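A short write-up of the structure that comes next.
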Amino acid sequence: MIKKFRFGTPIETGAVISEIKEQDLTNLTEFNFKNEGVLEFNLQLKKLDIVYGLGEQIRGINKRGWIYTSYNEDNAVITETRTSLYGSHNFIVVDGQVKFGAFFDFADKVVFDIGYTDSNMMKVTCRGDGYLYIVNGENAYQIIKEFRSIIGQSYIPPKWAFGIGQSRWGYASIEDFEKVISSYEENDFPLDMVYMDIDYMTEYEDFTINESRFPDFDNFVKKVKERGIRLVPIVDAGIKVKNDYDVYLEGLEKNAYCVDKSGKPFVVGVWPGDSVLPDILNKESAKWFGSKYKFYLDNGIEGFWNDMNEPAIFYSKKRLNASLTKFKKVKPDMPREEFEAMRDIISSYQNNVEDYKDFYHNIDGKLVSHDKVHNLYGYKLTQCSADYLKEYNSEKRYLLFSRSSYIGMHRSAGIWTGDNASWWSHLLLNFQMLPSLNMCGFLYVGADVGGFGCNTTQDLLLRWMAVACFTPLYRNHSPWDTREQEPYQFSATDKFRQLMQTRYALLPFIYSEYVKCALNNDMLFKPLAFCFPNDKRAPFIEDQLMMGDAIMLAPVYQQNSVGRYVYLPEDMLEVRFTNAGIKTKERKNGNHFIKVALDQVVVFLRKGKVLPIAKPCKRAMDVDFKDVTFIKNIDSETVYTMCMDDGIKADDLRKYLVDIVVKP
Ligand code: GLC
């Protein structure tokens, strides 16, 4: 049962696609609420109540004990003290004596104080107008499925997007890409995608290729594809201000950019220097921006990652100009306080929320301050690119993921979790994000494997790859100023190969489970409590997850550990992927110390379940789904439903679900 309430005159976000009748506010019994200029929803929490949700956010699976702000933010230092990340996923589920889900469909800022100010109180504060959806159901898991059913089916990428991707900010020429691909080949490592970061462009101009470093680009794309590999370019939100850049000029002519109060394009600084932001909340401008992807598609490209679309702003021209006179006063003998004041001015440039108030969108003829719709920017930008990709070729699925997002975008793209760091704590954080993201509809998700910022180490990368074995999006990515982190940069080649082969052996399972979850509005990664509702300990386990209904994941995420304690809510079959084949062992319920070598992946298979395993392969599209063996934990015959489509066609994948009978 779902109740919908309206507050004021909201901007339609398009997050919910089901028609739901609005109710009178007297029916809003789940929260105490008041509206004194700012809307406030209050709820008393019981000691053991759990609050799930919020998608891409910091901290654990149970969100109690911190304050979270939905106001999309580009900030590469992701510590526990942060309150906002790149996306706004305003869905929570209260699971205790009372159980309900709440989706705050507000385009403006929303603050979730979940026991931060007062440990027994939850206070949700919403700025601006919006809708509130209350979702009722038997338990948290059912509530989530119900919510997922009203926001529409999650995006399904092509099968090759479930392979391994290699990326690094710094690959800048055909030679660099050749080196990556040939190093993978020489080491017998599987690979499906190589990502092109901003250095493929001419002066960081979207929809261009640097011809001197990438001569005959379409031929290069073709040649790489003949080797079974796709190139996936980045597309940034900002368009460079430059008088001979055709895309910039075209946008100017079409009035397609966000404007200041006087109606002039608002200039901000991003990678290309002075840039303007496409007004993707305006239908015409969005359509125009989306259509620009044609440039890449015509060159044979089939996948994209959209970046800097919070939008990230290094400076606004207005703020920069206003402060320049102050710098003229800088003198070597200036008092310390004055130097510090200068430093503060410089650090105030980046992503200054005051700048977001200074530019406008033209939404159906009405000028709306960006600040009020900030959280929709990455979503709508990715939406318009997805719309065009479908228009360009409605027969084929595409790969698309974005850094910034809002619920609703899950229907047309995935996300990667932004600029994490090569920290052990981020390995756990990114693992814990998985179920929360699934709750909000985002299934095609993954983190930068090995960590983006800071220097990785061989053991961290190996452990990370053991976790990434299961994430739909699997991409190793890092920036130019950190230690090189392609697996072939380290000595443990065999260990890396073993882990990558495990991923490809698991592809029939990962892909089939993914497709089934998308079709059934289900979660791919679930907190243990969702599968073991009678287990008293399960609700408090934050470092183990169920994947599908069959396997439990319990990754090693600590430096120097040789294994870890794993809690088994019931008797299970330990399945160990090793370089000498797959080993199984029956395990009783309870606690076990499970040793895990650096090149091993260990999962736990539930009773009555089977796990399909494919033959070794180097490209996802070559994995033979028909030639699988099953690891079994069954006493009687069972059925495994596999998705047997061609992995590319945009079609109703229900037609390709095949039941395979498995005998004990
Ligand atoms: C942003 C992205 C990162 C990318 C970099 C350069 O920081 O999050 O993935 O490498 O920009 O494009």
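The values are calculated or read from the model by the stated rules, or taken from the named source; none is laboratory data. Predicted model, so just to flag it, every value in this text is computed and none were measured. Positions of Cβ are generated from backbone atoms using ideal geometry, with glycine treated the same way; all protein chains shown enter the neighbour counts. Note: accessible area is taken over every heavy atom of the protein model, side chains too, but ligands, DNA and RNA are not part of it. Shrake-Rupley method; radii C 1.70, N 1.55, O 1.52, S 1.80 Å.
Surface exposure of region 277-347, expressed per residue as accessible area with a 1.4 Å probe, stands at 51 Å².
At full extension, Asp24 and Ala492 could sit 162.2 nm farther apart than now, given 0.36 nm per residue minus the alpha carbon distance. Considering helices alone, the calculated mean residue ellipticity of the chain at 222 nm is -7000 deg cm²/dmol, with DSSP H runs of length four and up weighted by -39500 (n - 2.57) and normalised per residue. Charged side chains reduced to their Cβ positions (Lys and Arg at +1, Asp and Glu at -1) give the chain a dipole of some 1460 debye around its Cα centre. Take region 76-194 with all the other protein chains still there, run a 1.4 Å probe, and you get 29 Å² of accessible area per residue.
Is the shape of region 183-332 best called rounded, prolate or oblate, per the rule: a/c under 1.5 gives rounded, else a/b larger than b/c gives prolate, else oblate, with a ≥ b ≥ c the square roots of the Cα gyration tensor eigenvalues? Here region 183-332 falls in the prolate category.
Here the relative contact order of the chain, from alpha carbon pairs under 8 Å that lie six or more residues apart, stands at 14 percent. For region 255-344, applying the loop criterion from DSSP together with a ceiling of 14 other beta carbons within 10 Å to the trypsin sites (Lys or Arg not before Pro) yields Lys261, Lys328, Lys329. Think of a 1.4 Å ball rolled over the protein heavy atoms: region 379-511 then has 22 Å² of accessible area per residue. Can you list residues from other chains, or at least 5 along the same chain, whose modelled amide H is less than 5 Å from the amide H of Leu39? Here Cys126, Gly128 satisfy the definition. Among the protein heavy atoms of region 170-212, carbon and sulfur supply 43% of the accessible surface, probe 1.4 Å, non-protein parts ignored. Most simply put, the chain has about 80% antiparallel DSSP beta bridges, counting only bridges with both residues inside it. Sequence-distant contacts, meaning Cα pairs under 8 Å at least 6 residues apart, place the relative contact order of region 1-142 at 31 percent. In region 143-230, which trypsin sites (Lys or Arg not before Pro) fall in coil by DSSP and have 13 or fewer other Cβ atoms within 10 Å? Those that pass, being in a loop and sparsely packed, are Arg227.
Nonpolar atom fraction for region 509-662, defined as the carbon and sulfur part of the 1.4 Å probe accessible area, stands at 47 percent. Solvent-accessible area assigned to carbon and sulfur over region 286-434 amounts to 56 percent, based on a 1.4 Å probe.
In whole angstrom, note down how far apart the Cα centers of region 444-507 and region 549-589 are. Rounded to whole Å, the Cα centres lie 20 Å apart. Heavy-atom accessible area, probed at 1.4 angstrom with all protein chains present, ranks Trp464, Trp480, Trp66 as Trp480, Trp66, Trp464, highest first.
Region 335-443: which GluC sites (Glu not before Pro) are DSSP loop and have at most 13 other beta-carbon atoms within 10 angstrom? Passing both the DSSP loop test and the Cβ count: Glu395.
Of the residues Thr584, Thr641, Thr417, the one with the largest accessible area comes first in the ranking Thr584, Thr641, Thr417, computed with a 1.4 Å probe on protein heavy atoms.
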